[in-house]
Each structure stands twice: as structure tokens, then as C-alpha cells.
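All remarks here apply to the structure that follows.
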Amino acid sequence: MCERDADDSRSRLAGANGGTSTPYSASPLKINIANLLTLFRIAAIPVVVVSFYADIPNSRPIAAIVFGVAAVTDLIDGWVARRFDQMSKFGEFLDPVADKLMVVITLVMLVQAQSGWFEDIIAMIIIGREITVSALREWMATIGERATVKVQFSGKLKTTLQMFGIGFMVYQEPFLGMDTYRVGYIMLICAAVLTIYSMFAYLKAAWPVIKNEIEPR
């Protein structure tokens, strides 16, 4: 979900001994428990969308609960892959795709349903950052420098705030006297601030490589 982003999915490649890399599974399309959890996250997206817009009682809370369950799988699929030696190229590809699909699609729904200009700006910041950092990581990977932009603590904190914030905003209904939408809104603002900070942190880490690439030879 999230900052696992591409690098947490790379944890599927880390062995149990000291985090060293281990070979991929023999088949890049091998379906295992870790990959099934990630596929469940993708399959949950249309359920969240339908529940969100359904004209039924408690449609928003139902959508939020499904979103929350899917978010939990993002926390455990990497652990399952490492614990049970289920690392694969397919999992490395699929995990960040599932994360970004969930975040972007749910943000678009929130903007469409209850949008003011400030919500629009927050969504633009988060989505723009996801595109920028994903593109940066893919480019760094092609030149063998992907480790330079490994996940930082600010990114992980951003993802946590982002997931809780989106979940609370989707829920919308008061819960135990708490205005869940307002709480989620505040968390998402904090996530947006960390989004900008973490994006520039990644760009700063990658700058020596970028500078070397753009300077005349």
C-alpha cells in the first residue's frame, strides 16, 4: 500500500539471512500465497468502487472496511514471501502496481464525491509523486542504481498516514463520536506534506547519478 512502493516489494527478493538477495523463483508467473495476497488487493478494488457508489445502507463503511482489509495484505505479503521463500519476479512487479492502483483509484473517487479545491490539490500531489518516484526507480533500475533510491522512513510514514487517512475518509460516518472524515482529512494532509518531502529526498539521493547522466561526456 502504499511506501513499500517498488522497494518493499523487492523485499520478496531478500533472503532470511541478513537480507541478502536470493534467486527468483524458477517460474516468473508462479502463483503462491504471497502473490495471491497481492492479487486479492487488486481484486478488492472493484469491490471498494461498487460499495462506495452503491445505493445501500452503510455503503461507505463497507467500502472502507474492504479497503482496510486490502491494505492489511500490503503489510503481510512481503513477510509471507520472505518467511516461506516465495520470492518471484511476478511478485516484484505486481506488488507496487496493486498499491498504486488502490491509492489512485480511491483518491479519484473521494475527489469526485466530495471535492473542494484543497482536496483536488492533495490528490494531485500524491498521484504526481507516485508517478515521479515510480519513474525514477524504474530509470535507476535500468542503469543499475536502484539501491540509491531505496525506501526511507519518511516514505513509510507517509504510506501509513495515507492509508489510514484514505480509509477514514472513505468510511465517512461518525464512529464512537469521532468525525472519521475530518480525522482522515487531517491525516491525508500530513501524508501530502510527507509526500513532497520524501519525493525530494529520493530526488536528492538520485541527483549525483542524474547529474552524471546529463553532463556532457
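Structural remarks
- The one condition in (1) more than 19 Å from Ala64 (Cα to Cα); (2) part of a loop (DSSP other than H, G, I, E, B) that Lys156 fails to fulfil: (2)
- The set of residues in region 38-71 being on the phi > 0 side of the Ramachandran plot and surrounded by 15 or more Cβ atoms within 10 Å (Cβ to Cβ) is empty.
- Residue within region 96-108 that is more than 28 Å from Ser59 (Cα to Cα) and of a type in the set (D, E, K, R) present: no
- Flag if Ala81 is assigned to a helix (DSSP H, G or I), under 30 Å from Ala206 (Cα atoms), more than 17 Å from the chain's Cα centre (by Cα) and modelled with pLDDT under 90: yes
- Of the candidates Gly128, Gly144, Gly116, the single residue that is under 14 Å from the mean Cα position of the chain (by Cα), farther than 25 Å from Val72 by Cβ and surrounded by fewer than 20 Cβ atoms within 10 Å (Cβ to Cβ) is Gly128.
- Here is the figure for region 107-119: residues that are in a helix (DSSP H, G or I) and either farther than 20 Å from Leu194 by Cβ or at pLDDT 90 or above (or both) total 8.
Residues checked against (1) of a type in the set (Lys, Arg); (2) surrounded by 13 or more Cβ atoms within 10 Å (Cβ to Cβ); (3) within 16 Å of the chain's Cα centre (by Cα):
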position	(1), (2), (3)
Phe168	no, yes, no
Tyr171	no, yes, no
Gly177	no, no, no
Met187	no, yes, yes
Ala192	no, yes, yes
Ala201	no, yes, no
Ala205	no, yes, no
Asn212	no, no, no
Glu215	no, no, no
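- Within region 120-148, tally of residues that are of a type in the set (Gly, Ala, Ser) and outside any helix (DSSP H, G or I): 1
- Qualifying residues in region 94-113 (those that are surrounded by fewer than 20 Cβ atoms within 10 Å (Cβ to Cβ) and within 12 Å of the chain's Cα centre (by Cα)) - the one nearest to Asn32 (Cα to Cα): Val97
- Any hit, region 67-88, residues being within 17 Å of Phe168 (Cα to Cα) and of a type in the set (D, E, K, R): no
The values are calculated or read from the model by the stated rules, or taken from the named source; none is laboratory data. No experiment lies behind these values; they were computed from the predicted model shown. FYI the Cβ positions are ideal-geometry reconstructions off the backbone, even for glycines, and counts take in every protein chain you see.
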